[in-house]
1. Whose amide H sits under 5 Å from the amide H of Ile131, counting only residues 5 or more places off or on another chain, with H placed in the peptide plane?
2. With a point put 7 Å past each Cα toward its Cβ, work out how far Arg120 is from Thr49 in nm, to one decimal.
3. Within 10 Å of each residue's Cβ, count the other Cβ atoms and sort Leu76, Leu54 from fewest upward.
4. State the extension gain, in nm to one decimal, for the chain segment bounded by Glu141 and Ile103, taking 0.36 nm per residue of separation less the distance between their alpha-carbons.
Amino acid sequence: MAETSLTTQTGTQVSTEPATSALVSDYGRTSIADTVVSKIAGIAAREVTGVHNLGGTAARTVGMLRERIPGSRTNLSQGVSVEVGEKQAAIDIEVVADYGVGIADLAQGIRRNVISAVERMTGLEVTEVNIAVSDIHLEGEDDTEASDNLAEPRVQ
């Protein structure tokens with residue numbers, strides 16, 4: 001198959017063949033930072049019904065501390081780690097599930113939502129979404145357990 005090209009007004013030869021990736025073209029490359037992909041994945045995972053929170057106990061405790069600081073914002077990438085290449089991304093998510101939710105169904109919903117959001121917004125191909133369920137949240141149980149430990153020391 002012959003390569004087709006056209007000549008611009010400046011005399012530059014430009015290929016009219018489709019690029020191999022939405023992020024790599026004859027005119028340059030687009031790079032996307034890991035933090036961008038992790039925020040997108042974190043937001044998409046939180047949108048799924050049955051996800052109570054993201055991150056393990058330590059990450060949630062640090063997140064609660066950060067939220068107490070005036071002017072700070074919620075860490076949308078908490079509980080999410082990513083590996084981003086030129087054309088692909090792999091995502092790991094740690095989840096706290098609501099009690100009573102089917103974990104296999106929850107994982108499938110998270111994968112579907114995360115893959116859809118990341119691929120649509122970045123143009124990267126998501127090769128895998130690994131999900132680790134680190135805890136179950138019971139109704140009536142709140143996240144004050146960790147903050148109680150930070151409030152006031154029991155001994156002086």
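No value in this document is a laboratory result; all are computed from the given coordinates. Just so you know, these numbers come straight off a predicted model, no measurement behind them. Every residue, glycine among them, receives a Cβ derived from its backbone with ideal geometry; neighbour counts consider all protein chains shown.
1. Amide H to amide H, under 5 Å and 5 or more residues apart or across chains, Ile131 pairs with Ile93.
2. The modelled label-to-label distance comes out at 1.8 nm.
3. Arranged by neighbour count, lowest to highest, Leu76, Leu54 become Leu76, Leu54.
4. Full extension from Glu141 to Ile103 adds 11.8 nm.
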